[in-house]
Structure formats: structure tokens, C-alpha cells
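Report on the structure given below.
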């Protein structure tokens, strides 16, 4: 059996102006899977995590799951069981018990219509795009999901800032979400900043609990924050992923999961961006986000 990062390099799937990781359902028929996500039959108590790749999805998903259970206990299922782009069959979602903490990287325009119309809860995480680029660089090199491993400068120019970017690119993704949030009067959207959650985990987790209408004690919040620290999540991931399977399938989770936890630091971009790359990014950011109110935390 091949391990992640071994074997032949893969190629991204191109669909709707996006470069997508070669998850089996997307390789088979990306348009069909995206339509299945958009047309998903939702429940009133579903919680949908909508987060650009490498922005803290696994971390926040564990926090949300613990809050919904009101216990500082890891899920028996891994996040991939609830990952709408990658699950082997969408029927898996229908068989999950409520409340379902579903997660996706798809842009706002492809989110389940019923969830939005029903005023369903959406948790969005926004992370410094420079750190996103670095995290994505290491992840893609490890999995070879976008071809042969490369150096950061090449990845930055050809992939992260390339002509067809992952999930349409950070700028497009976040601007679309911001615009939808401003116009959409139905859905309940809660935006977390990755950096704020790192710096003030107790306060931010309390805010998230309030949004989810979860009444838990300060003691439980503190336990959840501790269990969801980067070190403990990494330990739990490395231990549990060897034994888990997708429900009702023969797919082992270790066949679909890669090394998801690398550093989880704020400001690691300083170790990768050259002065020239940083100046280029800042110029692009200034132009792309000139009409946006998004405040990125670089430190």
C-alpha cells in the first residue's frame, strides 16, 4: 500500500475556474459532486464549516464537535467522514446522526442551498494568506496532489498565484464569502480569525459556543481548548487515523489522510517568503482587496 507522499505525482482537477485536489469523487466527476453538495438535503441543526484549505479546518472542526457534544472528547470518526468533497458516497452524510458537523472547502456559490435558505449555521475561518500559502506548499509537496514536489517560489508563482488557483484562489474565495455574508439575510455566519483563536483560545471558543447555542461551563471550555491544542490534536490524529474507517465503506481513513498537522504557527511565512515575493504579494493584496473590509492578522 502506498503511503502519502509516495508513488506517482497527481494532477489537480480543473472545474469552474478552480484547481481541485484529486479526491476520488472529483476525479470521477467533479461537476456531479459539486452539484450534490449544492443540492444536499440539510437538517435544521446542521453546522457547516466553510473554510479555505489550510486555514485550520481540522482544528476548528474538533472544537465544534466537542462543543456540540458538550464534552472534551475526540470524535470517533475523523473529519474526512464529514468532508463533502472527499467522502466516497454522499449517502454517508445522510446516515450520520444529528447534529452533523459537515465541512467543505467549496466557495460560497456552491454551498448547500437548503442550508442557506433555512438559516443554517455556518462557521468560517479566515487565516493570513501568507501562512496559508506556506501550509499549502508543504501539504501539496507531501501529498503530491498538484504534481511533483517543488520549491516555495515555484509553488507560489505556479500554484498559489497561478492562472488557475486552488479552489479559485484565496482572494476570490474570501471576497465571495465576504460579499455573500453582507447580502445574505438568511444564514447565520460566524467568522473566526485563525490568529485570534491561537492567541485567545478560551475567549474565542466561548464566542463560538454562544453562536452554536451551546451552554457549557468554563471548565468544559478550558478542557476543550486543552484537548484541541496543536500538540494534542497532532498526537490524537497520529494515533487514531490508523484504526478508523469510513462508515459503510471499505475505505480506510489512513488511505485518505495525510500529515495534516505540521506546525500550526502564526508567521511561518517569514521563513519562506523572500523580500521580492513578499513585496509582490503585498502589491497583489492591495489591489485585490481594495474594496474589502477584511483585516488580515500577519503576526
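The values are calculated or read from the model by the stated rules, or taken from the named source; none is laboratory data. Keep in mind that what you see is a predicted model, and the values were worked out from it rather than measured. Every residue, glycine among them, receives a Cβ derived from its backbone with ideal geometry; neighbour counts consider all protein chains shown.
Can you name the number of the only condition in (1) at pLDDT below 95; (2) at positive phi that residue 169 fails?
So the condition that residue 169 fails would be (1).
Does the stretch 145-161 include one or more residues that are closer than 30 Å to residue 223 by Cβ, in contact (Cβ under 8 Å) with a residue 24 or more places away in the chain and not in a loop (DSSP other than H, G, I, E, B)?
Looking for residues that are closer than 30 Å to residue 223 by Cβ, in contact (Cβ under 8 Å) with a residue 24 or more places away in the chain and not in a loop (DSSP other than H, G, I, E, B), one finds none in the stretch 145-161, hence no.
Could you check how many residues of the stretch 272-283 are under 23 Å from the mean Cα position of the chain (by Cα) and not in a loop (DSSP other than H, G, I, E, B)?
1
Which of the helices (runs of 4 or more DSSP H) contained wholly in the stretch 27-127 include at least 2 residues that are within 18 Å of residue 210 (Cβ to Cβ)?
Passing ranges, in order: 57-69.
Let's see how each residue does on (1) farther than 16 Å from residue 232 by Cα; (2) modelled with pLDDT of 95 or more; (3) within 9 Å of the chain's Cα centre (by Cα):
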site	(1), (2), (3)
52	yes, yes, yes
67	yes, yes, no
72	no, no, no
77	yes, no, no
80	yes, no, no
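Give me the pairs, please: first residue somewhere in the stretch 163-181 and farther than 9 Å from residue 288 by Cβ, second residue anywhere and modelled with pLDDT under 95 and outside any loop (DSSP other than H, G, I, E, B), beta-carbon distance under 6 Å, and either six or more positions apart or on two chains.
181/189
Can you tell me which condition residue 140 does not meet? The list is (1) touching a residue at least 40 places away in the same chain (Cβ under 8 Å); (2) under 30 Å from residue 299 (Cβ atoms), and all the others hold.
The one condition residue 140 does not meet is (1).
Take the conditions closer than 22 Å to residue 12 by Cβ, in contact with a helix residue (DSSP H, G or I) (Cβ under 7 Å, 6 or more places away or on another chain) and at pLDDT 95 or above and apply them to residue 134. Does it pass?
Taking the combined requirement at face value, the residue satisfies it.
Taking the stretch 3-15, which residues are farther than 16 Å from residue 80 by Cβ, in a loop (DSSP other than H, G, I, E, B), over 18 Å from the mean Cα position of the chain (by Cα) and touching a residue at least 24 places away in the same chain (Cβ under 8 Å)?
5, 7, 8, 9, 10, 11
I'm checking my understanding of the structure. Among residues of the stretch 139-158 that are modelled with pLDDT under 95 and under 19 Å from residue 55 (Cβ atoms), which one is surrounded by the fewest Cβ atoms within 10 Å (Cβ to Cβ)?
Going through the qualifying residues, I end up with 142.
Can you tell me which residue within the stretch 172-189, out of those that are buried (at least 18 other Cβ atoms within 10 Å of the Cβ), over 12 Å from residue 105 (Cβ atoms) and touching a strand residue (DSSP E or B) at 6+ places or on another chain (Cβ under 8 Å), is modelled with the highest pLDDT?
Applying the filter and picking the extreme gives 174.
Which one of these does residue 292 not meet: (1) surrounded by fewer than 16 Cβ atoms within 10 Å (Cβ to Cβ); (2) at pLDDT 95 or above; (3) not in a loop (DSSP other than H, G, I, E, B)?
(3)
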